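See below for the structure under consideration.
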Amino acid sequence: METEATATAHESAPHDPSAAASFDEAASATTPTGESEFESSDVDLRAELAAAQALASERLNELAYARAEIDNVRKRAMRSADERLVSHRKALLAKFLPVLDNLQRALAFDDSEGLRGGLGATLRSFENLLVGESVVAIETLGKPFDPHIAEAIATRETTEHDDDVVVEDVQRGYRLGEDLLRPAMVIVAKRTDS
């Protein structure tokens, strides 16, 4: 294999004997340390190769470290999300405990008035819990039927209301903020003329 120096020497004067002699002189020339120029160049190239290999190894280690750090961040984020979920779940379930207490107290009464009062307290506890979580009941009774917030499960013939007016709330609907949590189940009026 020709080196660049020999290729240049052959191109500049391929048939000139003096050019070949100057090439041989350059090859046999020595540096102050006693090495030939080619040996010195070989040492320089080996040093550059060793430096490049060390840099590549360093970058490979940095990449492995970065990948491990990304994996650790991902695991920490998942752990944090799980902890938040458990915390929110505990907080929500703790809000139901007073409601449970009111039901237990209501069942402890022997008279119907005490039971009615206990059930009323339980209902108020549930309503307060829902309001605290931004859940509000949808008012549909006496209003025109709106299929976006209610499901009509039956019609009732009537002379007192116009068509498609809600005459009974079978199951109340609720919103969570602006989102529909559960549609109301209603009975709507079907007007008769008689």
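Things to note:
- Global form of segment 78-153, assessed from the alpha-carbon gyration tensor, a/c cut-off 1.5: oblate
- Straight Cα distances below 25 angstrom link Lys75 to the lysines Lys90, with same-chain residues fewer than 8 positions distant left out.
- Environment charge of Lys90, counting only residues whose C-beta is closer than 12 Å and scoring Lys/Arg +1, Asp/Glu -1: +2
- Charge dipole of segment 135-194 about the Cα centre (unit charges at C-beta), most positive-ward option of Leu176, Ala154, Gly142: Leu176
- Chymotrypsin sites (Phe, Trp or Tyr not before Pro) restricted to DSSP loop in segment 91-157 with at most 14 other C-beta within 10 Å: Phe109
- Each Cα pair under 8 Å and six or more residues apart adds its separation to the average, and for segment 135-194 the resulting relative contact order is 44 percent.
- Assuming charge only on the beta carbon of Lys and Arg (+1) and of Asp and Glu (-1), the dipole of segment 33-133 about its Cα centre is about 1160 debye to the nearest 20.
- Inverse of mean 1/r across different Cα pairs in segment 135-194, Kirkwood, Å: 11.5
- Residue order, fewest to most surrounding Cβ atoms within 10 angstrom, among Arg191, Arg175: Arg191, Arg175
- Net charge in the neighbourhood of Thr159 (other residues with Cβ under 12 Å of its Cβ; Lys, Arg +1, Asp, Glu -1) is -2.
- Taken as Cα centroids, segment 150-194 and segment 112-128 sit 27 Å apart, rounded to the nearest whole angstrom.
- Formal net charge of residues neighbouring Gln171 (Cβ-Cβ distance under 12 Å; K, R +1; D, E -1): -1
Coordinate-derived values only; no laboratory data. This is a predicted model, so every value here is computed, not measured. So basically every Cβ, Gly included, is an ideal-geometry build from the backbone, and we count neighbours across all protein chains shown.
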